[in-house]
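The block underneath contains the structure these notes are about, expressed in structure tokens.
The values are calculated or read from the model by the stated rules, or taken from the named source; none is laboratory data. Keep in mind that what you see is a predicted model, and the values were worked out from it rather than measured. Glycine also receives a Cβ, built like all others from the backbone with ideal geometry; neighbour counts cover every protein chain displayed.
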Amino acid sequence: MNSVFFLSGSLTGLKQRTGVDVANIDASSVRCNLRGATRSPAFSKDGDFIIGGVFSIHYNMYTEIYNYITMPDPPRCTGSINARDLRFSRAMIFAIEEINNSTELLPGINLGYQIHDSCAAVPVAVQSAFQLSNGGDNVYYKDNNCSQSGMMAGVVAESGSTPSIAISRVIGSFDIPQVSHIATCACLSDKQQFPNFFRTIPSDAFQAEALAKLVKHFGWTWIGAICSDSDYGNNGMASFLQAAEKEGICVEFSEAFYRTQAHKIQKVADFIRRSTAKVIVAFAATGEMKVLLEELATKPSPSRLWIGSESWITDTNLQRFTFCEGAIGFAIPKSDILGLRDFLLDLSPTEVAASPLLTEFWEDTFKCTLKKGQRVCNGSEDLQKVPNTFILSSPPRITTLVYKAVYAIAHAIHNVVCVKKSVKAQCDKHLILDTKQVLAALKTVNFSHNGHSVSFDANGDPVAVYELVNWQKDESGNIEVVTVGYYDASLPKNKEFLINRNLTWMDGRQEVPKSVCTESCPPGTHRVVLQKGKPICCYDCIPCPEGEISNTTDSLDCFLCPLEFWPNAERDSCHPKPVEFLSINETLAIILAAFSVGGACLAILTAAVFFHHRTTPIVRANNSELSFLLLFSLTLCFLCSLTFIGAPTEWSCMLRHSAFGITFVLCISCVLGKTIVVLMAFKATLPGSNVMKWFGPPQQRLTVVLLTFVQVLICTVWLVLRPPFPMKNFSTYKERIILECALGSAIGFWAVLGYIGLLAVFCFVLAVLARKLPDNFNEAKFITFSMLIFCAVWLTFIPAYVSSPGKFTVAVEIFAILASSFGLIMCIFAPKCFIILCHPERNTKKYLMNKN
């Protein structure tokens, strides 16, 4: 670069070219001359220690085509003046003047400054960095005794991340500390590469995380992203995309562009117009946003909600784009600086005329000239009366960070050159300042001045605190930046945001816009990515499988209900399963109970009829004792079916099966006894037969008792070892619980049924053998029919019992009991009652003795 000291060569090379023995030259006479012309600083002032400054006061650098014949001139700036950066430079001067007038900070020390204009160009920024490193002298003497006053103590730079990186790489080699007021690239926190870099603005790493949390806070999962094609934009967007991925946010497109790339700007604008995302995150510098919004303004496009980084969201020059109404983003908190506004306004014509930069600004602002011309400035011009961004209309944001940066360097110098004695500090302005000491002191700076707190972490970054701002239209239709909340990275997780004011969204809407690839899956469904190649935010909503629910929006999966619960129809909550059993309140149970009671009454009524006509031949002829016992057992059979109705309990489960088994065996034993009596009676009519004495009433009673005792024994063993018990059946139906009696021991249950079946088959066989005996009233015929019905009922009962679900299993069992009981009473006793009640003339011994 032009401003670097170039040695003519090594001492040996110098001797070879000049013939002078440099070894004998006095060291004090050796000097190095600065080659090339230097750029004059925009503002400068001598002092005991110098603080440098680099700001992008102009927008462009003049491009010159070199002819390589003459020495090129230093680069110069062109284009319009960036009034904001001009304000930054004047705020730096204000801070230094304030420090020089302080009796507490650097007392007796006079700080100077050299402030350069970088033209927002990296080459100019680098040239300025070299010039600041040189200290401003054109000749360097190799003499340890020369004055060291005016040494560069630190640099406030720059207004962008890319030029800040370039400056840091230059002055970092000389251990000159650099404090930036607006360079936010997260890459600058790398102390391996930039050990001399500090900043008073939070790193983009914090802002990127905050932007991702902001997008997540409002439920936007489908966004577009654009950024400046620079260190600031690319690094900031990379950090944002990484944070967004952690928050489950999908990016439809991500494009980088630079302000001079007209074709790329048009392409990005078309991306935005065609985008299905309603939210666009712009991590861009003011220059890029200006040209992009100008391109978007040329052709109407669908409304988009802009999420802005702090670099452009508060720029008043962009607020003329009213279609960006509703934009939100983070800004540096406002903070007033006492006396700064008056200092900015206090520009005398003499001071303006002495500075080419201020002259240019003055003439451009008031459209007059300080030299002889068409309209000469008359000295009555007032900055308050013309619209400009140089004068603060509200408490400053970035300007405060410049103020803090100057004070941070001043405090570091104070810690190096000043020693506290008694109350006041004493400072040595003649001390040879080592920039390494200033750099080390800057790392430990921690102070508060006029409400402005400054400190740095291990990476040279401050605590990340932002204002959340919103672009809202005022009554006149102009955009104004309104603070609606705050973000503080030092607060606990999920409590960083504080939104204390209503926001206005695009097109002046009050409701939060939606920006999703797929509408949220309602409770009762879950997200499944079925679209190949699409991000996870583009999904399908699939209803939960049977028995599973999802009770949150956008659930990734469904989960099973607890065992005793079942989903509702919407499958968004679990409800207790209905418990099913044969309740007495059900129509089916009432009908079965009515038949049960009716059957018992019929058996009792039949017994009453038989008892009333107990002396008649038809009652006496058929073993009246067994008939009464049979009617008693039938009554119990009818009534035992009632134990199957109602909620199963431990006692009812044991009672219903044992009572059913014993009463039916008693019943079949009586029928068997009556069948044997018929057979024996026929045998007794044969000549020489003496059978009846072996099967008289005592033997009949003993047979019934023995046969019944076997069933009692089976039931007793069953109930003692593994009795039936109430249980909740979850397997038959998934959606409801069957309350039933578990068998306990299936062997015991089928043993009871098997024994009843065995007796029934035996009885049926005997009845078939006796059905054609030549009696006028042969009871065996009716027993045969009754046993036929009994066996048919219980044979069909087995498959019906096994296949019937839930409470119908119990109903089938009750039906089998009632059907077989009615079959017995109707087949055996109905014909007798018919004769007794309807044809009493047949109820005679003569009629019974007649042959067929």
Can you tell me which of (1) part of a helix (DSSP H, G or I); (2) surrounded by fewer than 18 Cβ atoms within 10 Å (Cβ to Cβ); (3) at pLDDT 50 or above; (4) not β-branched (Val, Ile, Thr) is the one Arg90 doesn't meet? (2)
Subset of the stretch 251-279, residues more than 25 Å from Gly533 (Cα to Cα), of a type outside the set (S, T, N, Q) and not in a helix (DSSP H, G or I), comes to Phe257, Tyr258, Arg259
Looking only at the stretch 661-689, how many residues end up being of a type in the set (Gly, Ala, Ser) and either outside the structural domain of Leu629 (by TED's automatic domain parsing) or at pLDDT below 70 (or both)? 4
Failed criterion for Lys278 (all others in (1) within 22 Å of Glu511 (Cα to Cα); (2) touching a Pro at 6+ places or on another chain (Cβ under 8 Å); (3) buried (at least 21 other Cβ atoms within 10 Å of the Cβ) hold): (3)
Residue ID - surrounded by the most Cβ atoms within 10 Å (Cβ to Cβ), chosen from residues in the stretch 218-234 that are at pLDDT 90 or above and in a helix (DSSP H, G or I): Gly233
Go through (1) in contact (Cβ under 8 Å) with a residue 24 or more places away in the chain; (2) out of contact with any strand residue (DSSP E or B) (no Cβ under 9 Å at 6 or more places or on another chain); (3) within 19 Å of Ser804 (Cα to Cα) and name the single condition Ile738 misses. (2)
Which listed residue is modelled with pLDDT of 80 or more and in a helix (DSSP H, G or I), from Ile783, Ile825, Ile798: Ile825
Glu295, sole failed condition from (1) at pLDDT 90 or above; (2) in the same structural domain as Ser380 (by TED's automatic domain parsing): (2)
Determine the pairs where a residue that is without any contact (Cβ under 8 Å) to a residue 40 or more places away in the chain, located within the stretch 198-223, has a partner that is hydrophobic (A, V, I, L, M, F, W, C) with Cβ atoms under 7 Å apart, the partner being 6 or more residues away or on another chain. Ala205/Ala186; Ala212/Phe240; Ala212/Ala243; Ala212/Ala244; Ala212/Ile249; Lys216/Ile249
Going by what's in this entry, would Ser596 be described as free of Cβ contacts under 8 Å to residues at least 40 places away in the same chain and not basic (Lys, Arg)? no
Please specify each residue of the stretch 217-246 satisfying the condition of being under 14 Å from the mean Cα position of the chain (by Cα) and under 25 Å from Arg274 (Cβ atoms). Phe218, Gly219, Trp220, Thr221, Ala244, Glu245
Quick one: in the stretch 37-53, of everything that is aliphatic (A, V, I, L, M) and buried (at least 20 other Cβ atoms within 10 Å of the Cβ), which residue is nearest to Val406 (Cα to Cα)? Ile51
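Taking the conditions exactly as written (surrounded by 15 or more Cβ atoms within 10 Å (Cβ to Cβ), under 18 Å from Thr399 (Cα atoms) and within 35 Å of the chain's Cα centre (by Cα)), does Ser335 satisfy them or not? Walk me through how you get there before you give the answer.
Details: surrounded by 15 or more Cβ atoms within 10 Å (Cβ to Cβ): yes; under 18 Å from Thr399 (Cα atoms): yes; within 35 Å of the chain's Cα centre (by Cα): no.
It is false that Ser335 is surrounded by 15 or more Cβ atoms within 10 Å (Cβ to Cβ), under 18 Å from Thr399 (Cα atoms) and within 35 Å of the chain's Cα centre (by Cα).
Restricting to the stretch 578-588, give me the number of residues that are surrounded by 14 or more Cβ atoms within 10 Å (Cβ to Cβ) and farther than 16 Å from Pro726 by Cα. Give the steps one after another, and end with the answer.
Kept after step one, since they are surrounded by 14 or more Cβ atoms within 10 Å (Cβ to Cβ), are these residues of the stretch 578-588: 580-583, 586, 588.
This time we only want the ones that are farther than 16 Å from Pro726 by Cα, so: 586, 588.
Within the stretch 578-588, residues that are surrounded by 14 or more Cβ atoms within 10 Å (Cβ to Cβ) and farther than 16 Å from Pro726 by Cα number 2.
Results for (1) touching a Ser or Thr at 6+ places or on another chain (Cβ under 7 Å); (2) at pLDDT 90 or above; (3) of a type in the set (Ser, Thr, Tyr), shown as yes or no for each residue.
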residue	(1), (2), (3)
Ser28	no, no, yes
Cys32	no, no, no
Ser56	yes, yes, yes
Tyr66	no, no, yes
Asp85	yes, yes, no
Glu97	no, yes, no
Asn100	no, yes, no
Ala125	yes, yes, no
Asn138	no, no, no
Step by step: first the residues of the stretch 536-574, then only those that are more than 19 Å from the chain's Cα centre (by Cα) and outside any loop (DSSP other than H, G, I, E, B), then the one that is farthest from His526 (Cα to Cα). Which residue is that? Phe565
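So which residues in the stretch 351-393 are hydroxyl-bearing (Ser, Thr, Tyr), without any contact (Cβ under 8 Å) to a residue 12 or more places away in the chain and within 18 Å of Ser89 (Cα to Cα)? Spell out how you get there, then give the answer.
Taking the stretch 351-393 first, the residues hydroxyl-bearing (Ser, Thr, Tyr) are 355, 359, 365, 369, 380, 389, 393.
Of the ones still in play, those that are also without any contact (Cβ under 8 Å) to a residue 12 or more places away in the chain are 359, 369, 380, 393.
Matches in the stretch 351-393: Thr359, Ser393.
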Selection count where residues are outside any loop (DSSP other than H, G, I, E, B), under 46 Å from the mean Cα position of the chain (by Cα) and crowded, with 24+ Cβ neighbours inside 10 Å, scope the stretch 54-84: 2
Test Val609 against the stated conditions and say whether it is surrounded by fewer than 19 Cβ atoms within 10 Å (Cβ to Cβ), within 30 Å of Ile676 (Cα to Cα) and among the β-branched types (Val, Ile, Thr). yes
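Where residues in the stretch 455-490 are small (Gly, Ala, Ser) and touching a Phe, Trp or Tyr at 6+ places or on another chain (Cβ under 7 Å), which of them is surrounded by the most Cβ atoms within 10 Å (Cβ to Cβ)? Explain how you work it out, then say what you get.
Of the residues in the stretch 455-490, the ones small (Gly, Ala, Ser) are 455, 458, 460, 464, 476-477, 485, 489-490.
Adding the requirement that they be touching a Phe, Trp or Tyr at 6+ places or on another chain (Cβ under 7 Å) leaves 460, 464, 485, 489.
Values: Gly460: 24, Ala464: 20, Gly485: 18, Ala489: 16.
Only one residue fits best here, namely Gly460.
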If you go through the stretch 509-524 one residue at a time, do you hit one that is touching a residue at least 40 places away in the same chain (Cβ under 8 Å) and not in a loop (DSSP other than H, G, I, E, B)? no
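Would you mind finding the one in Gly248, Gly329 that is outside any strand (DSSP E or B), touching a Ser or Thr at 6+ places or on another chain (Cβ under 8 Å), of a type in the set (Gly, Ala, Ser) and closer than 27 Å to Val516 by Cα? Walk me through how you get there before you give the answer.
Working: Gly329 fails: outside any strand (DSSP E or B).
Of Gly248, Gly329, the one residue that is outside any strand (DSSP E or B), touching a Ser or Thr at 6+ places or on another chain (Cβ under 8 Å), of a type in the set (Gly, Ala, Ser) and closer than 27 Å to Val516 by Cα is Gly248.
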Return the total of residues in the stretch 552-577 being surrounded by fewer than 12 Cβ atoms within 10 Å (Cβ to Cβ) and charged (D, E, K, R). 1
